[in-house]
Amino acid sequence: MSQPTNPSTQTPASDTEPAPWWRRGVVYQVYVRSFADGNGDGTGDIAGLRSRIPYLAALGIDAIWINPWYRSPLADGGYDVADYRAIESRYGTIEEAEALLAEAKQAGIRVIVDLVPNHTSEEHAWFVEALAAEPGSAARARYHIRPGKGPGGAEPPTDWTSVFGGPAWSRLPDGEWYLHLFDSSQPDLNWDNPEVQAEFLDIFTFWLDRGADGFRIDVAHGMVKDMAFPDLGASTDALLGGATIDDHPFWDRDGLHEIVRGWRSLLDRYDDRMMVAEAWVASAERLARYLRPDEYHQSFNFDFLGTDWDAAEFRRIVTEAVAEAANVGSTPTWVLSNHDVVRHPTRYGLPNGTDWRTWLLDGPHDILEADLGARRGRAANLMMLALPGSSYLYMGDELGLPEVWDLPLDVLDDPVWERSGHKAKGRDGCRVPLPWQREGSSLGFGDGDAWLPQPAEWSGLSVEAQTGDPDSTLELHRRALSVRRTELVDNETIEWVDAPATVLAFERPTGSDGTNGSIQCWVNMGDEPIELPAFTELLVASDPDQDDDTLAPNAAVWLR
Ligand code: NOJ
């Protein structure tokens, strides 16, 4: 063994008191629009999700995170909220949402809802009111609405650009400008305004009282702006790249932590509710600030998601994340795919170092080795599910779904496509509706065509096709989640095991005090097969042809 990163001090559980569910839970992300369509209109909905609760329960996950389901024009897939207390009619009704919360609870599944505090939709009552109000009015002060610069105020107040491309300011008919870090239909709220702060406490309470177990907080690193509005002199591509400028005027500002503490003290008045931050920040140390005991319970580790297929890099990032989380008494939170990034089986089929965002449109597409990526994707999921802490699976990860990188341009819906002037293809390729059955117009997603077309070969990746096939990716996940649940959640300890440089090997004790034995996870990220150590039981293997002696390249095993 080498380099113990023993985080025993971060484990609050004692023999008598189990750890809170979120510390070690597996959360399954449901992009509701693309999960299951209950009414055959081509768009996923709450009815579809409710009908699939038995599937989720049998999969063995602990919680679901539902992407925004609030009333919305869906200009940005629902991250443009028109009413935080109402359900989008294409998804269902508030009664159906309440029924879903109750049914999930009965099935032993917690529900995390997605809150979007940085911006509203332009259709939100507040923005409609702001547009009708005078410059300088209280209605305008809920947003960042300001006069422009230069003669006649014809230039935007700052040089900031939108994450989705183009300027971050749009002009109103009366000459003032409003800030939108994302699409022009998503005006940024002014978090310096006490009315905004109070409104969100009330929205939290609304969903807490309806039984939401947790909140995923959108753009958690962006709410607070430098009210002096300085120019930046750089473009805003930092959402997905980490905010690397010190004292950045809108990313990762110190002031936002005070707001988070207010939310946390509200949540703490309820039992075992949680918040997970979507915070894209520059370093593990900056991320840990969101995880202090009176702030978020979790924050996604996007460094882990962004890592190439490279054992040394994974080892560095895991070591750092475990240590930083332990410093603040929190737990690492792993994720490999979500609704914003190229699905990882496709990322891992590209040569290390490929910029997968630009590759989507620009190619060259013949560098993709899809089978290799699929193999690595399975191994990566086994690696993630063996790590201490919490893991997030994106819907379809359990089926090994790849990115649909070749969606026809005329079906693209992501605002990134238009705002980038057709230079970036956007995120639709990871949002293609799930295949549930081998046959049918949308492979069992719904009764009609799906809102985005599914590739024909997804018939073979459908839940129906994979169920009962012991070699399938779905059965691999069912097995891994079951072993994890019974063996890997008693503690949060990890120790690295000596292994060749291109191999990641770590050990996890299986009891709360380490006396029950241990499980080792081995992942071969090199090009050559390696010899496995002696073991008593091969618990899970990513490679259907796994034997007892060697681990092939791009494969992973869990050994007792
Ligand atoms: C992050 C969300 O995950 C993404 O889908 C959305 O476009 C932006 N935040 C803006 O809300």
Revision key, fill the gap. Zone reached by a paramagnetic label modelled 7 Å from Ala154 Cα along Cα→Cβ, restricted to region 173-205 with backbone N below 19 Å, covers 173-178
Check your understanding: Given H placed 1.01 Å from N in the peptide plane, which residues other than close sequence neighbours of Tyr70 have an amide H under 5 Å from its amide H?
Key -> Glu88
Practice item. Pull out the extension gain between Val411 and Asp447, defined as 0.36 nm times the separation in residues minus the alpha carbon to alpha carbon distance; nm, one decimal. Key: 11.0 nm
Check your understanding: Mind checking the log10 I(q)/I(0) for region 396-509 at q = 0.21 Å⁻¹? Debye, one equal scatterer per Cα, no solvent, two decimals.
Key -> -1.05
Review point. Using the alpha-carbon centroid of each, what span in Å lies between region 359-394 and region 57-114?
Key: 27
Revision key, fill the gap. Simple SL model, points at 7 angstrom along Cα→Cβ for His422 and Arg316; separation in nm is 4.0
Exercise for review: List the residues whose amide H sits under 5 Å from the amide H of Val111, counting only those 5 or more places along or on another chain, with H placed 1.01 Å from N in the peptide plane.
Suggested key: Ile64, Asp213, Gly214
Practice item. Provide, for q = 0.07, 0.11 Å⁻¹, the log10 of I(q)/I(0) from a solvent-free Debye sum over equal Cα point scatterers in the chain. Key: -0.39, -1.01
Study note, to complete from the structure: Taking a ≥ b ≥ c as the square roots of the eigenvalues of the Cα gyration tensor, with a/c under 1.5 meaning rounded and otherwise prolate when a/b exceeds b/c and oblate if not, region 331-447 is oblate
Review point. For helix 256-267, what angle does its Cα long axis make with the longest principal axis of the chain, in degrees from 0 to 90 and rounded to 10?
Key: 70
Practice item. Find the lysine pairs in the chain meeting two conditions, Cα atoms under 30 Å apart and a separation of 8 or more places or different chains, and report how many there are. Key: 4
Practice item. Principal axes first, then extents: for the Cα atoms of region 190-323, list largest minus smallest coordinate on each axis, whole Å, largest first. Key: 45, 38, 20
Point to revise | Length added when fully stretched, Thr93-Asn327, from 0.36 nm per residue minus Cα-Cα | key: 80.0 nm
Revision key, fill the gap. With Cα coordinates, the longest principal axis of the chain makes an angle with the long axis of helix 370-386, in degrees rounded to 10, of 90
Practice item. Would you mind checking the tilt of helix 94-106 against the longest principal axis of the Cα atoms of the chain, expressed as 0 to 90 degrees and rounded to 10? Key: 20
Check your understanding: Taking R0 as 35 Å, what's the FRET efficiency between Tyr270 and Arg560 from their Cβ-Cβ distance, rounded to 0.05?
Key -> 0.35
Review point. How many nm is it between the label spots at Leu172 and Thr536, if each spot is 7 Å from the Cα in line with the beta carbon?
Key: 7.1
Point to revise | Global form of region 125-179, assessed from the alpha-carbon gyration tensor, a/c cut-off 1.5 | key: oblate
Review point. Can you work out ³J(HN,Hα) from phi for every residue in region 529-537, in order, using Karplus 6.51 cos²θ - 1.76 cosθ + 1.60 and θ = phi - 60°, giving whole Hz and x for Gly and Pro?
Key: x, 10, 7, 8, x, 5, 8, 9, 8
Check your understanding: For the residue pair Arg85 and Asp469, what label-to-label distance in nm results when each label sits 7 Å from Cα along the Cα-to-beta-carbon direction?
Key -> 4.9
Review point. Residue separation times 0.36 nm, minus the C-alpha to C-alpha distance between Ala501 and Phe206: what's the value?
Key: 101.1 nm
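In debye to the nearest 20, how big a dipole does the chain give about its Cα centre with +1 on each Lys and Arg Cβ and -1 on each Asp and Glu Cβ?
Numbers: 46 positive and 92 negative charges, 154 e Å.
Dipole about the Cα centre, nearest 20: 740 debye.
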Exercise for review: Please order Lys423, Lys225, Lys149 by the number of other Cβ within 10 Å, starting at the fewest.
Suggested key: Lys423, Lys149, Lys225
Check your understanding: Taking square-rooted eigenvalues a ≥ b ≥ c of the alpha carbon gyration tensor, is region 463-560 rounded, prolate or oblate, where a/c under 1.5 means rounded and, failing that, a/b exceeding b/c means prolate?
Key -> oblate
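Every number in this text was worked out from the coordinates using simple rules, so none of it is lab data. Not measured: the values here are computed from a predicted model. Because the Cβ atoms are built from the backbone with ideal geometry, glycine has one as well, and the counts that use them run over all protein chains shown.
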